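The values are calculated or read from the model by the stated rules, or taken from the named source; none is laboratory data. Since the model is a prediction, treat every value here as computed from it, not as a measurement. Cβ sites come from the backbone with ideal geometry, for glycine too, and all protein chains shown count toward neighbours. Accessible surface areas use protein heavy atoms only, side chains included; no ligands, DNA or RNA. Shrake-Rupley method; radii C 1.70, N 1.55, O 1.52, S 1.80 Å.
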Amino acid sequence: MLPTSVFSQISYDAALDSADYTLNEYPIIPLIQADSIGLLSRVANVGDSALSGVSVDVTGPNSYSSSINLGNIGIGGSATGTTPALFMPNSTGKQVFYFETKTQQTDGNANNNKDSFSYEVTDTVMAREVGNNPDGLGYNGATGYVGQRFTLKTTDTITSITFYIDEPTAGDSIRAHVFSYTGSPGTILASTQT
């Protein structure tokens, strides 16, 4: 005789699927370039009963607090929302936000109700990636440009450009250019030496 197992699904289970932010594409940004952001989350109903009064409480730096009201979520459904109150950083450092899902029903699995999200506010660094890009891109024996577009909300001075090259070919040269941009790259505003 084969052993059998019994699986019992939880009646009420609101799973916090994602915690993120809006209005800002830079995970590292200088305070002078920072702008107000909204926090967003997605909640899925992974239980076997409909959920009512679903919300996500969000807390963060500078006594930030807001709630995302998602209403009712049917079995197998999900809902996404954004905080009505925007957050504007007023100092440098890691900005950490905590998300917690709430429902009118008693959630049978509290282990999937919390998440956090963070981004860095610095005095000088503006970055689109936080680390290594596993997909990468480049050129095999040819000359070309690899670009990133940054939007500055306030006039600022660029003092350095930093990037990572995985296994560069000995003897190759590289330089960085800063272009104006209006729909496509325009005039070179500044260049590094090779």
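For this structure, a couple of remarks:
- Checked against the criterion of being at pLDDT below 95 and polar (S, T, N, Q), the candidates Asn45, Asn140, Asn112, Asn69 yield just one match: Asn140.
- Tyr119 being at pLDDT below 95, farther than 29 Å from Gln9 by Cα, open to solvent by 70 Å² or more (accessible area, probe 1.4 Å) and of a type outside the set (A, V, I, L, M, F, W, C): no
- Filtered residues of region 144-193 (kept if closer than 29 Å to Ser36 by Cα and hydroxyl-bearing (Ser, Thr, Tyr)): Thr151, Thr154, Thr155, Thr157, Thr159, Ser160, Thr162, Ser180, Tyr181, Thr182, Ser184
- Residues in region 18-59 that are assigned to a loop (DSSP other than H, G, I, E, B), open to solvent by less than 20 Å² (accessible area, probe 1.4 Å) and more than 17 Å from Asn112 (Cβ to Cβ): Tyr26, Ala34, Gly38.
- Residue list for region 176-190, restricted to those being in a strand (DSSP E or B) and either open to solvent by 70 Å² or more (accessible area, probe 1.4 Å) or of a type outside the set (A, V, I, L, M, F, W, C) (or both): His177, Phe179, Ser180, Tyr181, Pro185, Gly186, Thr187, Ile188, Leu189
- Cβ-Cβ distances below 6 Å connect the following pairs, each with a first residue in region 30-58 that is closer than 27 Å to Ser160 by Cβ, a second residue that is assigned to a strand (DSSP E or B), and a separation of six or more residues or different chains: Pro30/Thr122; Leu31/Val121; Ala34/Val121; Ile37/Tyr21; Ile37/Phe87.
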